[in-house]
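Report on the structure given below.
The values are calculated or read from the model by the stated rules, or taken from the named source; none is laboratory data. A quick note: this is a predicted structure, and the numbers were derived from the prediction, not measured. Virtual Cβ from ideal backbone geometry, glycine too; neighbours counted across all protein chains shown. Surface areas here come from the heavy atoms of the whole protein model, side chains and all, with no ligands, DNA or RNA. Shrake-Rupley method; radii C 1.70, N 1.55, O 1.52, S 1.80 Å.
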Amino acid sequence: MGDLIGLIAVAAPFLMVVMIVWIGSQKKLEEKRIEATASQSAEKAVQYATQIEQLNERVQVLERIVTDRGYNVAAQIEALRDVRSVETSDSGTPLNIGNKEQV
């Protein structure tokens, strides 16, 4: 029993140094993992912000198209085509596309 206590007394300082070094290396590894995760999160945030900005620009373009008078003209042309295709006889009359009045 006395030999065991003597062996523990001699080995304890070495074991403590090994534990301190191991804990320090684990701390450094965890800090590197946290830094890598933060970097990846920042990259993802930039990607998402870019995508959101692109989507906002596309929505603005679509809103301009829908609210623009040109969209109404296109709808009128399509309506005229539909009416013309329903008629049984094609009279060959022009569609008056250059007319600025709304139908």
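Using just the alpha carbons, could you tell me how many Å³ per residue the convex hull of segment 1-50 encloses? Spell out each step's value before the answer.
On the way: hull volume 2.3 nm³, N = 50.
Once divided by residue count, the hull of segment 1-50 is 46 Å³.
Give me the one-decimal nm value for the distance between modelled label points at L55 and I20, 7 Å along each residue's Cα-to-Cβ direction.
The modelled label-to-label distance comes out at 5.4 nm.
Tell me, what % of the accessible area of segment 1-85 is carbon and sulfur with a 1.4 angstrom probe? List each step's numbers first, then the result.
Values: 5100 of 7720 Å².
Carbon with sulfur: 66 percent of the solvent-accessible area.
For segment 15-81, what is the Kirkwood estimate of the hydrodynamic radius, computed as the reciprocal of the mean inverse distance between distinct Cα atoms, to one decimal in Å?
Working: mean 1/r = 0.0588 Å⁻¹.
Hydrodynamic radius (Kirkwood, Cα only) of segment 15-81 equals 17.0 Å.
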